Every structure is written in structure tokens, then in C-alpha cells.
Amino acid sequence: GALFAQMLVEPVGLILRWYDELQVAQVSLARLVGVREIETEAGEDHVRPEGRDVTADRVRFGYHAGADVLHGVSLDVPAGTRMALVGPSGAGKSTLGRLLAGIYAARAGEVTLGGAELSRMPAERVRAHVALVNQEHHVFVGSLRDNLLLARTGASDAELWAALGAVSADGWARAMPDGLDSEVGSGGRTVTPAQAQQIALARLVLADPHTLVLDEATSLLDPRAARHLERSLARVLDGRTVVAIAHRLHTAHDADVIAVVEDGRISELGSHDALVAADGPYAALWRSWHG
Ligand code: ATP
């Protein structure tokens, strides 16, 4: 029974996740396929970020008509800081990440980006300043150039090569028969999962958002490719404000600040050392992960 239920439920989850992704991708996708740009949601044109910090002020949120998943979260991520969100499965880490990235709107409370209220900014401006990064990277059917231009329409070839170089993807890209004109995606040459992730990182370099929300799902890559990609990612993160959803505690260890999310609330906030010394929820999580 349980297995059958799971078979029914899983595709639905998958569709919901795709739907999230599509909401993020729709503007750029419209650009790729040449249809008229999807109308920008209403926003006040004068509302723009004046800095690179991110805050949440008593944010409440629930999915659809469901009960609240976040029960009044307040956070302050100073410019250039790396914050890790840790906590039990289902606590609301990914949900909070999606709110900070402007993918969902809060039911109550407010998220600000550089002092500007996210709910009052035009959606396109939100997307220019904050990006959600996860491991579901889509390489669209088309040329490598088309796939990169999604992130910045009108970028020159030199800029595209620089972005590929910044994520160490220029080697294999230059080795392809038609360079930037090479077909990638399922229509032509299908890139490897590691190359797809590099294309996604190169897009980030081109889009250049000052804030990144990083949802580190368990890696699908072999350890060597994963290490290689981590180095590229570290370069992309450099200098940006980062909120990393750490599903594995070891990646939280060297964040500037760790926020523990439990049952839709922040229960603890501090550095790894301070939280271990405090001997609270984080210390308990840490012990459970380290035998
Ligand atoms: P994990 O570490 O397992 O990813 P998490 O802390 O990131 O967990 P969330 O994924 O934010 O937790 O989930 C918080 C709650 O919201 C859970 O009860 C989850 O079932 C629910 N939830 C998450 N995504 C959706 C969605 N797209 N639609 C409806 N409910 C959702």
C-alpha cells in the first residue's frame, strides 16, 4: 500500500517542483523561444535595492490553502555574509529559501533586499538581484550560446567565454565542434550532468545577482566532478550575500552565521563554535551527525 501511494504521490511532487522552476524560468524562457515577454507583475518602479543585505521580518507563509509552514521568521543577513540554514527535515528551510529568493510571497511580514520590500518591487527586478540555485539545471534544446543568453540578453561572445572561463567550462566548450553554436540539450549533443551544472553556473555569472539562495540537494555527481564543481561554485559565491540551505551539516560548519530552523521558526542563531558551546538544538544536531 505504502509503495503504491508513493508511486502516486511522487510524480505530483515532481510536477510541483517543476512548477516552481518554471515560475523562475518563464521570463527567460519566453526570451529563448521568441514569444512575447510574459508581462512583468505589477510593482512600483521606484522601489529598488540600495544594498546587498537581505532581511526577513516576521514572515509567515503556507502553501496554497494549507496551514502556515513558517510561523513568523525574522532574519538579518548582512551584505556579503554567508548564512547557513540547518534543521530537521520538513522544518521549512527550503520554503524560507524560496521566500528569500522571491519565488513565493509571504502571507504576512516582509522580505527586504537591500532595504527594499520585495513585495513592492517589479518581479524582473527581484530576479535581477537574487537567484535560487539548486541542482535541477535545465539545459534547453538549442545552442550553447542560446542557453547562456537566457541569463543576459545581448551579451557578447567575449562575455559568454569569460563566464564559461569563470566556471572552468571553457575547455570542453572550445573542444566542441561549433563552439558557442554547438547544439546542446536533447536535440543535439547532450551535455553531461556536470557540464549542465557548469552551464547553470555560467548563467549565474552572467546574470550577476548580488544575492544567492543555495539549495544543496544531495549531489548526483561523482566525487571528483563534485569537487571540481564546488571550486567553481566557491568562485561564483565570492563577494555575494549567500543563504545556503545545508541538508548536510558539514557544509554549514564554515558559514559566517548558522540559523537553526525548527518547525517553521528560527530557534538558534550564531557561529558554529558559539552554537556548539551553547549546547542547544544545533549542538544536538551536530552530535547526531557525528556519532
Ligand atoms: P528538507 O531538509 O527535508 O528539504 P525543509 O526543512 O527544507 O526539509 P521544506 O521543504 O521547506 O522543509 O518543507 C516544509 C513543509 O512544507 C513540509 O511540511 C513540507 O511537506 C511542506 N512543503 C514543502 N514544499 C511544498 C509544496 N511545494 N507544496 C506543499 N507543501 C510543501
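Of all the numbered requirements in (1) within 16 Å of the ligand (Cβ to nearest atom); (2) surrounded by fewer than 14 Cβ atoms within 10 Å (Cβ to Cβ); (3) modelled with pLDDT of 85 or more, ARG287 misses one, and that requirement is (1). Taking the criterion of being touching a His at 6+ places or on another chain (Cβ under 9 Å) and more than 25 Å from GLY62 (Cα to Cα), the residues of segment 251-281 that qualify are ALA252, HIS253, ASP254, ALA255, HIS272. Exactly one residue among SER232, SER267, SER182 is hydroxyl-bearing (Ser, Thr, Tyr) and in contact with a Lys or Arg (Cβ under 7 Å, 6 or more places away or on another chain), and that residue is SER182.
Tallying residues that are among the polar types (S, T, N, Q) and in contact (Cβ under 8 Å) with a residue 60 or more places away in the chain within segment 105-146 yields 2. GLY165 satisfies every condition listed in (1) touching a helix residue (DSSP H, G or I) at 6+ places or on another chain (Cβ under 8 Å); (2) surrounded by 14 or more Cβ atoms within 10 Å (Cβ to Cβ) except (1). For segment 49-70, give me each residue that is basic (Lys, Arg) and part of a strand (DSSP E or B). Result: ARG58, ARG60. Among the residues making up segment 66-119, those that are surrounded by fewer than 17 Cβ atoms within 10 Å (Cβ to Cβ) and away from the ligand (no atom under 16 Å from the Cβ) are SER74, ASP76, PRO78, ALA79, GLY80, ALA108, GLU110, GLY115, GLU117, SER119.
Residue check: is ASP157 touching a strand residue (DSSP E or B) at 6+ places or on another chain (Cβ under 6 Å) and surrounded by fewer than 17 Cβ atoms within 10 Å (Cβ to Cβ)? No, not satisfied. Listed by first and then second residue, the pairs linking a residue in segment 250-279 that is touching a residue at least 24 places away in the same chain (Cβ under 8 Å) to a residue that is of a type in the set (Ser, Thr, Tyr) and part of a loop (DSSP other than H, G, I, E, B), with Cβ atoms under 9 Å apart and 6 or more places separating them unless they lie on different chains, are ALA255/THR81; ALA255/SER271; ASP256/THR81; ASP256/SER271; VAL257/THR81; VAL257/SER271; ILE258/SER271.
When GLY90, GLY102 are checked against the criterion of being in contact (Cβ under 8 Å) with a residue 12 or more places away in the chain and assigned to a loop (DSSP other than H, G, I, E, B), GLY102 stands alone in meeting it. Considered as a group, the residues in segment 224-255 that are of a type in the set (Val, Ile, Thr) and modelled with pLDDT of 85 or more include one that is nearest to SER156 (Cα to Cα), and that residue is VAL236. Quick one: would you say LEU221 is surrounded by 15 or more Cβ atoms within 10 Å (Cβ to Cβ), within 21 Å of the chain's Cα centre (by Cα) and under 29 Å from THR153 (Cβ atoms)? No. Being under 30 Å from PRO49 (Cα atoms), buried (at least 17 other Cβ atoms within 10 Å of the Cβ) and at pLDDT 95 or above is a description that applies to ALA259. Output the residue which, of all residues in segment 262-284 that are surrounded by 13 or more Cβ atoms within 10 Å (Cβ to Cβ), assigned to a helix (DSSP H, G or I) and of a type in the set (Gly, Ala, Ser), is farthest from the ligand (Cβ to nearest atom). Only one residue fits best here, namely ALA274.
Only residues that are closer than 26 Å to GLU50 by Cβ and assigned to a strand (DSSP E or B) were counted across segment 71-87, and they come to 10.
Taking the numbered list (1) surrounded by 14 or more Cβ atoms within 10 Å (Cβ to Cβ); (2) in contact (Cβ under 8 Å) with a residue 40 or more places away in the chain; (3) not in a loop (DSSP other than H, G, I, E, B) in turn, ARG231 passes all entries but (1).
Against the definition (part of a loop (DSSP other than H, G, I, E, B), within 16 Å of the ligand (Cβ to nearest atom) and at pLDDT below 90), how does HIS46 come out, yes or no? No; evaluated as a whole, the condition is false for this residue.
The values are calculated or read from the model by the stated rules, or taken from the named source; none is laboratory data. No experiment lies behind these values; they were computed from the predicted model shown. Because the Cβ atoms are built from the backbone with ideal geometry, glycine has one as well, and the counts that use them run over all protein chains shown.
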